[in-house]
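Below is one structure, written out as structure tokens; the observations come after it.
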Ligand code: G
Ligand code: G
Ligand code: MN
Ligand code: NA
């Protein structure tokens, strides 16, 4: 396919961009973390989103080199933000099931690389989806444990859209649960989704898991989530995903 061929050249031609969206502590209103979101600045098509090209990257095997690039970029930026702004700042990177299952011995290389930058594993959060846990092979479990041992935190992305089962999150020692934006969208006083979000938050907290709400677009949504005890929010209300330099400027302004 044409786009897959172009994607082969995207890394070499430096067409990939790593954007960052703030993750805000709902109690203080401060930016504590960022989610790294990949973009492809295609020479003729303009900005291409990951939903379009990640599947091609997976099918072609290019996902592994791309994932490596994402990690390198994320590590470089989190180093800066930890050094200059906040020693506990974290950057979250997304891993598709295909990537995560092949992570294997790369974990050791990642950790070694973080170490050369003077960073601990705790500088990173890895976002995985429920689907990965559903057919969890011994390799997946092992990988999760390896991250845990190294202090890398794990977030369960898009929570509520898959086969959300309480047994997974209990079994896999997850650090964060990200409530999918489809639940946040309909948050209005008295709406059923308020009860749903509250229940998710209470359950997560009982299990020692922190909660991030995605797709927060209005102050009303933010206030309902904060009142429900949600720890973090992410969404256009705070900022859309930003180019690294713009995100950097945002962080400097909050210092
Ligand atoms: O930012 P946007 O809505 O376009 O992201 C769409 C999807 O792409 C999200 O579900 C996100 O998890 C995924 N995604 C974004 N960046 C990356 C990445 O670096 N690697 C992988 N595997 N998925 C990503
Ligand atoms: O990794 P994940 O599947 O959670 O990807 C999050 C996606 O949601 C990204 O594509 C990001 O651009 C998008 N997004 C982030 N904030 C908002 C928001 O407030 N509203 C909507 N509609 N989308 C958002
Ligand atoms: Mn995500
Ligand atoms: Na998500």
Report task. Just give me the residues in segment 18-63 being within 11 Å of ligand 1 (Cβ to nearest atom), more than 15 Å from the chain's Cα centre (by Cα) and surrounded by fewer than 15 Cβ atoms within 10 Å (Cβ to Cβ), in sequence order. Result -> 47, 49, 52, 55
Report task. For segment 1-114, please list each of the helices (runs of 4 or more DSSP H) lying entirely inside it that holds at least 1 residues being under 25 Å from residue 236 (Cβ atoms) and at pLDDT 95 or above. Result -> 50-60, 63-84
Report summary line: Taking segment 130-173 and keeping residues part of a loop (DSSP other than H, G, I, E, B), crowded, with 17+ Cβ neighbours inside 10 Å and within 16 Å of ligand 1 (Cβ to nearest atom) leaves 152, 160, 162
Query raised in the report: Residue check: is residue 155 within 13 Å of ligand 3 (Cβ to nearest atom) and under 26 Å from residue 53 (Cα atoms)?
Result: yes
Query raised in the report: Identify, please: which residue in segment 123-138 is in contact with a strand residue (DSSP E or B) (Cβ under 7 Å, 6 or more places away or on another chain) and more than 16 Å from ligand 4 (Cβ to nearest atom) and is, among those, nearest to residue 70 (Cα to Cα)?
Result: 124
Report task. For segment 104-121, indicate whether the set of residues that are within 17 Å of residue 35 (Cα to Cα) and touching a helix residue (DSSP H, G or I) at 6+ places or on another chain (Cβ under 8 Å) is non-empty. Result -> yes
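Can you tell me which residue is surrounded by the fewest Cβ atoms within 10 Å (Cβ to Cβ) among those in segment 120-129 that are within 12 Å of ligand 2 (Cβ to nearest atom) and over 9 Å from residue 97 (Cβ atoms)? Outline the logic, then answer.
Within segment 120-129, the subset within 12 Å of ligand 2 (Cβ to nearest atom) is 125-129.
From the residues that got through so far, the ones that are over 9 Å from residue 97 (Cβ atoms) too are 125-127.
Numbers: 125: 25, 126: 23, 127: 21.
Looking at residues that are within 12 Å of ligand 2 (Cβ to nearest atom) and over 9 Å from residue 97 (Cβ atoms), I get 127.
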Query raised in the report: Out of all the residues in segment 229-246, which are surrounded by 19 or more Cβ atoms within 10 Å (Cβ to Cβ) and either free of Cβ contacts under 8 Å to residues at least 40 places away in the same chain or within 25 Å of residue 169 (Cα to Cα) (or both)?
Result: 230, 231, 232, 233, 234, 235
Query raised in the report: When the residues of segment 174-205 are filtered to those that are assigned to a strand (DSSP E or B) and in contact (Cβ under 8 Å) with a residue 40 or more places away in the chain, which remaining residue is surrounded by the most Cβ atoms within 10 Å (Cβ to Cβ)?
Result: 179
Report task. Would you mind telling me which numbered condition in (1) modelled with pLDDT of 90 or more; (2) more than 26 Å from residue 37 (Cα to Cα) residue 193 fails? Result -> (1)
**Report entry** Check on residue 249, surrounded by fewer than 15 Cβ atoms within 10 Å (Cβ to Cβ), modelled with pLDDT of 95 or more, within 22 Å of residue 33 (Cα to Cα) and within 16 Å of ligand 2 (Cβ to nearest atom)
**Finding:** no
Query raised in the report: Can you tell me which residues in segment 117-164 are within 15 Å of residue 204 (Cβ to Cβ) and free of Cβ contacts under 8 Å to residues at least 12 places away in the same chain?
Result: none
Requested in this report: Consider residue 74 carefully, then state whether it is buried (at least 16 other Cβ atoms within 10 Å of the Cβ) and within 14 Å of the chain's Cα centre (by Cα).
Outcome: yes
Requested in this report: Report yes if residue 226 is out of contact with any helix residue (DSSP H, G or I) (no Cβ under 7 Å at 6 or more places or on another chain), surrounded by fewer than 13 Cβ atoms within 10 Å (Cβ to Cβ) and not in a strand (DSSP E or B), otherwise no.
Outcome: no
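The values are calculated or read from the model by the stated rules, or taken from the named source; none is laboratory data. Bear in mind that the values here come from a model prediction, so they are computed numbers and not experimental data. In this analysis, Cβ positions are derived from the backbone assuming ideal geometry, glycine residues included, and neighbour counts consider all displayed protein chains.
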